[in-house]
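FYI, it's all coordinate maths here, none of it is from the lab. A quick note: this is a predicted structure, and the numbers were derived from the prediction, not measured. Cβ atoms come from the backbone with ideal geometry, glycine included; neighbour counts cover every protein chain shown.
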Amino acid sequence: MRLCGGTAKFPDIQEFFAGQLGVPTELWNPFARIDVGGVAGKYPPNFLDELGPMMAVATGLAMRQL
């Protein structure tokens with residue numbers, strides 16, 4: 001199971017869901033497979049990795065136009 005959204009960053013939430021549901025969980029980053037080009041250089045390292053899980057819906061909506 002992939003976790004996304006603001007609450008996916010809660011401490012130990014991955015372990016909680018994995019234990020309760022009995023399935024492996026991971027934090028999902030929609031930016032991981034998107035080429036962000038020159039944008040990445042404008043922000044501190046790991047900024048997009050930290051922001052990614054909270055931007056899943058916005059990323060999906062933006063990609064509808066592609």
### Message
At a 10 Å Cβ-Cβ cut-off, how would you order ARG2, ARG33, fewest neighbours first?
### Response
ARG33, ARG2
### Query
What list of ³J(HN,Hα) values in whole Hz, one per residue of segment 48-55 in order, does the Karplus curve 6.51 cos²θ - 1.76 cosθ + 1.60 (θ = phi - 60°) give from phi, with Gly and Pro shown as x?
5, 5, 6, 7, x, x, 7, 10
#### Entry: Cut-off under 5 Å, modelled amide H: who pairs with LEU27 long-range
LEU3
